[in-house]
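Asks: First, the structure itself, so that you have it in front of you.
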Amino acid sequence: MRNPNQKSLGPDALQAMSHIQSLGRRDFLKFSSIAAGLALAGGVISPLNALAAMPPGIGHMSEAEYAVFRRLVEVVLATDGTKLVPVKDVPVLQTLDAALLATMEPHILAGLKGGIAYFNDGPQGQFGKRFVDLDDARARAFLDAWADSREVPQRALAVGLKKLVGLAYWANPPTWGPLGYDGPVSRRWGLQSLGNAPMPKV
C-alpha cells in the first residue's frame, strides 16, 4: 500500500531502475575487479565495520541512503546458518559505493537517489514507519509485496535495489568459494578481451 502523502516517482528514477535491470555479466566482472582492487588496497574500511554507522570513505551515498542500503543488506543477504561468507565479513556497502554507484552517470545516480527516498517512505501507509525502521519480518514482507506489485514503479524499485545489494555482495571474490566458483576462466587462462569483435567473414 502506498502512502497517500508520498510523492510520485519521477521518470529519472524509473530510468535508473531500467539501467540497473540491464546490468549484466560484463558489468559484474568489472565490479568484481573493482572490489578485488579495494581488497588489495586494504579496502575503504574493514569489512567488520561494513554495517556500522556511516563510515568514512563512502562518497556517493548520503546518510539516509546508506541507512536504506544497510537495512536492505540485513534483510536481503541472510547468510547466517549457511555456508555463505557472512555478510559482516564482506565490504558490501563499500563495494556498492565504489564499484556500482561511482560508475553511474550523474543523471542515473540522481534518479536512483530519488527512488531510494521513495522506497524508504513506502511502508508508511501500511505500517506507519519508514523501511529503515521496520523489524525484519515487516521489512521482508514489504520488500516482497513491492517486488510482486502490479505497480511498475514499486516492482522496479524493489527488484532494482535488491539487485544492487546482491551484486555488491557477489562482486567480492571471497564470496565465490562456497559456490565452487573460482572466477572467470578468461582470467585464469590469461585471455585478452576482444570486446565485441566481429565474426570472421568467409
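Asks: Where in the stretch 15-116 are the helices (runs of 4 or more DSSP H), entirely inside, with at least 3 residues that are more than 29 Å from Asp135 (Cα to Cα) and modelled with pLDDT under 95?
Replies: The qualifying helices (runs of 4 or more DSSP H) are 25-40.
Asks: Shifting gears a bit: With Leu109, Leu93, Leu134, Leu143 as the choices, which residue is within 17 Å of Glu74 (Cβ to Cβ) and surrounded by fewer than 24 Cβ atoms within 10 Å (Cβ to Cβ)?
Replies: Going through Leu109, Leu93, Leu134, Leu143 in turn, the sole match is Leu134.
Asks: Do you know which residues across the stretch 117-128 are in contact (Cβ under 8 Å) with a residue 24 or more places away in the chain and either basic (Lys, Arg) or in a helix (DSSP H, G or I) (or both)?
Replies: Result: Ala117, Tyr118, Phe119, Asn120, Asp121, Gln124, Gly125, Gln126.
Asks: Which condition number does Asp148 fail, the rest of (1) under 20 Å from His19 (Cβ atoms); (2) modelled with pLDDT of 95 or more being met?
Replies: (1)
The values are calculated or read from the model by the stated rules, or taken from the named source; none is laboratory data. Predicted, not measured: the structure shown is a model, and the values here were computed from it. Here the Cβ is made from the backbone with ideal geometry for all residues, glycine too, and neighbour counts use every protein chain on show.
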